[in-house]
1. Can you give the angle from 0 to 90° between the axis of helix 67-76 and the longest principal axis of the chain, with both taken from C-alpha atoms, to the nearest 10?
2. Going Cα to Cα from Lys71, which aspartates and glutamates come in below 12 Å? Please leave out same-chain ones fewer than 8 positions away.
3. Could you state, as a whole-number percent, how many of the C-alpha pairs of the stretch 166-230 are farther apart than 17 Å?
4. Out of all DSSP beta bridges in the chain, what portion is antiparallel? Express it as a percent rounded to 5.
5. Sort 184-197, 112-125, 241-254 by packing, meaning the average of other beta carbons within 10 Å per residue, with the highest value first.
6. What net charge do the residues around Val216 carry, taking every other residue with its C-beta under 9 Å from that of Val216, with Lys and Arg at +1 and Asp and Glu at -1?
7. Mean-square fluctuation check for the chain, GNM, Cα pairs under 10 Å: which of Ser142, Ser98, Ser65 is largest?
8. Sorted by packing (mean other beta-carbon atoms within 10 Å per residue), highest first, where do 202-209, 176-183, 46-53 land?
Amino acid sequence: MNLVVCMKVTPKIEQIRFDEQKKTIVREGVENEINDADKNALEAALKLKDSSGGKVVALSMGPPSFEPFLKLAVAMGADDAVLLSDRAFGGADTYATSRVLAAGIQKLNSYDVILCGEASSDSSTEQVPPSIAGWLGIPHVSYASDLSLAGDAVRARRDITDGHEVVEVNPPVLVSLQLGCNSPRFPDFRRKRWADKEFKVRVMGMQDLGFTPGEVGLEGSRTEVTGLGRMRAPERRREFIQGDEEEVARRLAQIVRR
């Protein structure tokens, strides 16, 4: 079974900030990490590989600085890693991002199950997984909390209000995993040392995927950020109460009843 895990590299939550001019998230000069929900997706893929065999490919879209994070996925157990990297991909919305990721998956020639985290910590739109499935024309199972194989079918457990449901789908299929649905394994130390020194991440650019500039990145996006909201400190009214204990209690009671 060929498994593809889409992994996004995001700024640490406490370092997320926005470029007021470009209306985009600042990616430079911040500490990045693999999106937590995507780690859950990777762990789900590795468990399927452990139980039934197969190959796991980690796939991401971003600048060359993302390569170490893909090597970390390899150290955790992925067999291969592919980075879709081109300046033309910059500023992409979920439409353009999912289109590039789907094209990258198609370039792999063979896939049975595509796994994604339910959402990313920096934007949390939850739109990319179903959009990838739409571009590829395959079924999508959302918010899975557990994944297994039932013969030739993929069996996914989905938590719903007041219970859960079990869905079985024949591959190819895309499944998005709930944040925190499992405990991602630690990288193997020896494998990490090998990946850091010897493993080569495969890199594909715009031309490799058969796109033109107007189809990807900011130009190929269908949505636009026109403004950024600002946090305003709450306005608080201060009122001093003077008097004896009985008078203060009476005034407090009046204020509470307002």
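1. That helix lies at roughly 80 degrees to the long axis.
2. Asp79, Asp80, Asp188, Asp196, Glu198
3. 76
4. Counting only bridges with both partners in the chain, antiparallel ones make up about 45 percent.
5. Values: 184-197: 13.6, 112-125: 21.3, 241-254: 10.1.
Per-residue mean Cβ counts within 10 Å order the peptides as 112-125, 184-197, 241-254.
6. Taking every other residue near Val216 into account, the sum is -2.
7. Ser65
8. Listed from highest to lowest mean packing, they are 176-183, 202-209, 46-53.
None of the figures in this text is laboratory data; all of them are computed from the coordinates on show. This is a predicted model, so every value here is computed, not measured. Here Cβ is always computed from backbone atoms with ideal geometry, including for glycine, and neighbour counts include all displayed protein chains.
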